[in-house]
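See structure below.
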Amino acid sequence: MGSVTVHKLPVIAFTEENSKPGTETWYKTCRKVISALEEYGCFVAAYDKITQRIHTGVFEALEELFDIPTETKVQNKSTKPLYGYVGQIPLIPLYESMGIDNATTLEGIQSFANVMWPNGNDGFSEKLLLYTKLAAELEKIVVQMVFEGYGVGKYYESFVSSANYLCRVMKYRQPKIKENKMGFVSHTDKSFMSTIHQNQVDGLEIIAKDGEWFGVHDLSPSSVVVMAGDAIMAWSNNRIRSPHHRVTMQGNEARYSLAQFSFIEKSMVQTPQELIDDDNPQRYKPFDHLKFLEFYSKEENRRLESAITTYCGV
């Protein structure tokens, strides 16, 4: 009989030493990052800059936020597709979330807070900004490692100057007796890359290449799940996976999490010529990231097996 593979996401530590480009430990970490993204499309980053104090503070802020009346929360709106309030959906009754645009800036977070609270909420804004800046910092380290690892590091600065961050704050209430435990349906992220940070309530599940679903467990307060989105899969010419994932609730506690998404807003997403050859022909046409989001936001496109392939596949 063949053995059954027990899947577990790789855990990669990011320290001051291995986050310095060009060092031996940096290149070693770079290889681990690319291996994890090619195999699973995600990994767990141990990022000690996210301290227990920052972790506790940001989830205290989220609990305060979700206690606000629903009629206020639904005022979280945006002209950008899929950036605003999501909740009260019969298919996923446990799920509620809001989106914060320009989430790595004080202006972006205060703009959101001013909608939620009549006089703003400086404490909320400060706690959230501490986290969002660190999540973006971690993602930039990972993206630079990917670009350098594939030999296209010269394009990294263009990514940094074009990327904008959406932070989606989420609550999954505990299911009632006999209620479906599905917190969120299986999907891929439409971002370039995503970072996910949770309170100490599990629920995130990933599908492996062999089709097996497995849970992500044993996350510490400094753990961040770094996940590839559809845009980096297209950028990498399918070298990197954009993994399907879902949330299944267990136990009797609410799950809070933050998912921060990078979107390329100031340039087109396109596969570098260096990643196209006879063995790896071009698989995606260049595309506008927000227009892809707009395409995906339409009801008839939400259930596509691969929205990115339908939208701009060659």
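The values are calculated or read from the model by the stated rules, or taken from the named source; none is laboratory data. Since this is a predicted model, take the numbers as computed values, not measurements. Cβ sites come from the backbone with ideal geometry, for glycine too, and all protein chains shown count toward neighbours.
Looking only at region 161-189, count how many residues are under 17 Å from the mean Cα position of the chain (by Cα) and within 27 Å of Phe124 (Cβ to Cβ).
13
Just the residues that are among the charged types (D, E, K, R) and assigned to a strand (DSSP E or B), please, taken from region 150-197. Let's see the steps before the verdict.
From region 150-197, those among the charged types (D, E, K, R) are 154, 157, 168, 171, 173, 176, 178-179, 181, 189-190; that's our starting set.
Passing the criteria: Arg168, Lys171.
Being at positive phi and among the small types (Gly, Ala, Ser) is the filter; apply it to region 99-154 and report the residue that is surrounded by the most Cβ atoms within 10 Å (Cβ to Cβ). Break it down stepwise before answering.
In the first step, residues of region 99-154 are kept if they are at positive phi; the result is 102, 120, 151.
Next cut, among the small types (Gly, Ala, Ser) only: 120, 151.
Details: Gly120: 16, Gly151: 10.
So the residue we want is Gly120.
For region 1-101, list the strands (runs of 3 or more DSSP E) that sit wholly inside it and hold at least 2 residues that are more than 17 Å from the chain's Cα centre (by Cα) and modelled with pLDDT of 95 or more; which are they?
11-14
Going through region 3-26 one residue at a time, which ones are of a type in the set (Ser, Thr, Tyr) and under 12 Å from Ile141 (Cα atoms)? So that I can check it myself, show each step before the final result.
Taking region 3-26 and keeping what is of a type in the set (Ser, Thr, Tyr), we get 3, 5, 15, 19, 23, 25.
The answer is Thr15, Ser19.
Which of the residues belonging to region 68-108 are closer than 24 Å to Lys140 by Cα and of a type in the set (Gly, Ala, Ser)?
Gly99, Ala103, Gly108
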